[in-house]
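The values are calculated or read from the model by the stated rules, or taken from the named source; none is laboratory data. Being a predicted model, the structure only gives us computed values, none of them experimental. With ideal geometry, Cβ positions are generated from the backbone for all residues, glycine too; neighbour counts draw on all protein chains shown. Calculation scope for accessible area: heavy atoms of the full protein, side chains included, ligands and nucleic acids excluded. Shrake-Rupley method; radii C 1.70, N 1.55, O 1.52, S 1.80 Å.
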Amino acid sequence: MLSDDEIGRILVITAHPDDVDFGAAGTVATWTDSGLEVSYCIVTDGDAGGSDRSVSRPDMVVIRQAEQTAAAKQVGVHDLHFLGYPDGRVESSLALRRDLARVIRLLRPDRVLCQSPERNYQRMGISHPDHRAVGTAALDAVYPDSRNPFAFPELLSEEKLEPWTVREVWISGSPAPTHYVDVTDTFPRKIAALRAHQSQIGDTEALEERLRGMLTSTAERGGLPAGRMAEAFQVLQSG
Ligand SMILES: [Zn+2]
């Protein structure tokens, strides 16, 4: 595994506004605390989110973009890229692979954090079809699309985006995690980030308690000292 001082920039690729905050915001805060540059790429516009039918879907898009931007600020992230795919209908298409390869070549991250393309039978919500599709496309964009000059050659010939090799991938929501990050100290900022998603989360107190329990069990599974909280990832060497 790469140590943080071998890392310049980290790119987080998720399907929906709020995914990074549920799965990884505690970890993101530890990265920005150590001075690493973190960018977010959010594939969908989130227009199928929330349960308030009185909010028009175009309004929901604007709300969710603002919420994700505010949430990012809570954990020290200020560079966000919204791809605007329709929520709930993402496929791991060539178009999405090209769009993700473009962002990777533009930002040149050493580490990419993305969602799992695998279904997690223990936790249904983690395996939303958009999460799996974006996870697949993100891994395909890491290898081979962003590093191969002959993949989507227009990125190089027309947009002058040189190939880039991402060295490490962290998968969130994996059924087979290999690495546990202690997020006990950054948990309050993870909660602050989640509170920014007002259109999505009704009872934030209940959510905080639920997450405290889940992250405590995750830490136990990872062998961390009693009472700590952790987020878990499957880490792959990719270059
Ligand atoms: Zn999601």
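Worth pointing out:
- For the stretch 171-179, backbone phi angles converted through the Karplus equation (6.51, -1.76, 1.60; θ = phi - 60°) give residue-by-residue couplings of 9, 9, x, 6, x, 10, x, 10, 9 Hz, Gly and Pro being listed as x.
- In the chain, the calculated helix contribution to ellipticity at 222 nm averages -11500 deg cm²/dmol per residue, counting -39,500 (n - 2.57) for every DSSP H run with n ≥ 4.
- With 10 Å bins from 0: P(r) over the stretch 120-162, alpha-carbon pairs, percent: 27, 34, 22, 14, 3
- Residue-by-residue Karplus 3J(HN,Hα) for the stretch 147-157, coefficients 6.51, -1.76, 1.60, Hz, glycine and proline x: 9, 9, x, 9, 8, 6, x, 5, 4, 7, 6
- Compactness relative to 2.2 N^0.38 Å, alpha carbon Rg of the chain: 0.97
- Were the residues from Ala70 through Arg221 laid out at 0.36 nm apart, the gain over their Cα-Cα distance would be 51.2 nm.
- Euclidean distance between Cα centres, the stretch 138-199 to the stretch 11-43, Å: 9
- Point-charge dipole on Cβ atoms (K/R +1, D/E -1) for the stretch 170-239, about Cα centre, debye to 20: 100
- Taking Cβ atoms as reference points and 14 Å as the exclusive limit, the residues near Arg89 contribute a net charge of -3, counting Lys and Arg as +1 and Asp and Glu as -1.
- Å³ per residue enclosed by the Cα convex hull of the stretch 185-232: 70
- In this structure the chain gives 45 Å² per residue of accessible area when probed at 1.4 Å with all protein chains present.
- Rg/Rg_globular for the stretch 62-173, with Rg_globular taken as 2.2 N^0.38 Å and Rg from C-alpha atoms: 1.11
- Under 15 Å, Cβ to Cβ, from Asp4 - net charge with Lys/Arg +1 and Asp/Glu -1: -4
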